[in-house]
Amino acid sequence: MEAAELAVFMISASLFTILLYHPSSPVAQTVHDGVVRRMMMGTAMGSTAIAIIFSPLGQRSGAHFNPSVTWTFFRLGKIDASDAAFYTLFQFAGGIAGVMLASLTFHTLVAHKSVNYAATLPGSGGPIVALLAEIIISFILMSVVLTVSNTKRLARWTGVFAGALVATYITIESPISGMSLNPARTLSSAVGAQVWMFLWIYFVAPPAGMLLAAEVYQRLHVGSAVACAKLHHHNNQRCIFRCNFEANSKGESKS
């Protein structure tokens with residue numbers, strides 16, 4: 001399920017990058033403003049993330065499709081080590097499979113330099129600025145996920161908050177770092193584009209930012225247990241995590 005989720009995300013990223021940036025696309029020929037294009041891309045990918053989170057697959061697996069998310073919840077004691085390891089393995093496998101399927105489907109369109117397999121690369125500020133930007137956006141995303149998912153009246157909308165942040169980041173932050181948040185997502189595009197130079201940024205920054213968010217959250221909420229590792233828990237799907245959702249849902253979170 002985690003593999004399928006990131007595969008779908010990468011196919012969607014490839015498709016919408018072609019539609020918005022390939023010179024032969026009617027959309028790219030019509031919409032020339034960079035901010036508007038990024039807003040459209042952000043809306044598309046934020047909506048894709050929300051759809052995955054609320055899908056039957058996302059409801060069952062927890063809809064991480066990101067090793068940084070998985071290992072942050074492992075750090076918080078919500079996931080067994082073996083589950084975290086297999087989640088990570090299949091997230092990477094699914095992302096690469098998604099890019100391969102996109103390549104088979106869209107052929108030279110996805111390989112064109114304007115699309116470049118939807119690769120995430122540092123902007124004009126360089127790798128250090130991109131590193132810092134990825135740490136900041138990862139920290140904010142995980143802080144929001146933890147806060148919202150552990151607040152009774154908001155928990156069911158965690159996926160919407162996460163998707164809205166993805167849309168906002170692509171619109172505003174993507175010129176700085178390419179907006180990854182996800183080592184598996186970036187590696188998948190790198191495999192297609194054969195661009196490895198800045199891969200380290202996206203393996204360091206998203207986990208660092210999310211783990212830091214977990215540490216800050218725990219220090220601010222001493223004595224309050226994190227409910228679960230699922231982003232969408234208001235469903236009847238079995239939960240494989242060390243779940244405290246039902247106990248937390250009986251009363252308002254302190255957050």
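The values are calculated or read from the model by the stated rules, or taken from the named source; none is laboratory data. Small disclaimer: the values here were computed from a predicted structure and weren't measured. Virtual Cβ from ideal backbone geometry, glycine too; neighbours counted across all protein chains shown. Side chains are part of the model used for accessible areas, which takes the heavy atoms of the whole protein and leaves out ligands, DNA and RNA. Shrake-Rupley method; radii C 1.70, N 1.55, O 1.52, S 1.80 Å.
Considering lysine pairs in the chain that are 8 or more places apart or on different chains, how many have Cα atoms under 16 Å apart? Present the calculation step by step, with values, prior to reporting the outcome.
Values: 78/230; 152/230; 152/250; 152/254.
Taking the chain as the scope, the lysine pair count is 4.
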* Kindly identify region 144-255 as rounded, prolate or oblate by the Cα gyration tensor criterion: order the square roots of the eigenvalues as a ≥ b ≥ c, call it rounded if a/c is under 1.5, otherwise compare a/b with b/c, prolate if a/b is larger, else oblate. => prolate
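Would you please classify the overall shape of region 108-181 from the alpha carbon gyration tensor, given that a ≥ b ≥ c denote the square roots of the eigenvalues, rounded means a/c under 1.5, and beyond that prolate means a/b larger than b/c while oblate covers the rest?
Values: a/c = 3.72, a/b = 1.80, b/c = 2.07.
Because a/c hits 1.5 or more and a/b fails to exceed b/c, region 108-181 counts as oblate.
Once the piece of chain linking residue 195 and residue 224 is laid out straight, how much longer is it, given 0.36 nm per residue of separation minus the C-alpha distance between them? Don't skip to the answer; put the middle values down first.
Details: separation 29, 0.36 × 29 = 10.44 nm, distance 4.30 nm.
Stretched out fully, the residue 195 to residue 224 stretch lengthens by 6.1 nm.
Taking only protein heavy atoms and a 1.4 Å probe, what accessible area per residue, in Å², does the chain have with all protein chains in place? Mind showing how you got there, number by number?
Values: 11340 Å² over 255 residues.
I get 44 Å² per residue for this part.
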* Structure fact -> Between residue 204 and residue 172, the two model label points (7 Å from Cα along the beta-carbon direction) sit apart by a distance in nm of 2.5 nm
* Rounded to the nearest 10 Å², what accessible area does residue 71 show when all protein chains are kept and the probe is 1.4 Å? -> 90 Å²
* To do: Estimate the FRET efficiency between residue 75 and residue 235 by the formula 1/(1 + (r/R0)^6), using the beta-carbon distance for r and 30 Å for R0, to the nearest 0.05.
  => 0.75
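So between residue 246 and residue 113, what do we pick up on full extension, going 0.36 nm a residue minus the alpha carbon distance?
Values: separation 133, 0.36 × 133 = 47.88 nm, distance 4.92 nm.
Separation in residues times 0.36 nm, less the Cα-Cα distance, equals 43.0 nm.
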* Structure fact -> Between the modelled labels at residue 24 and residue 216 (7 Å from Cα along Cα→Cβ) the distance in nm is 4.6 nm
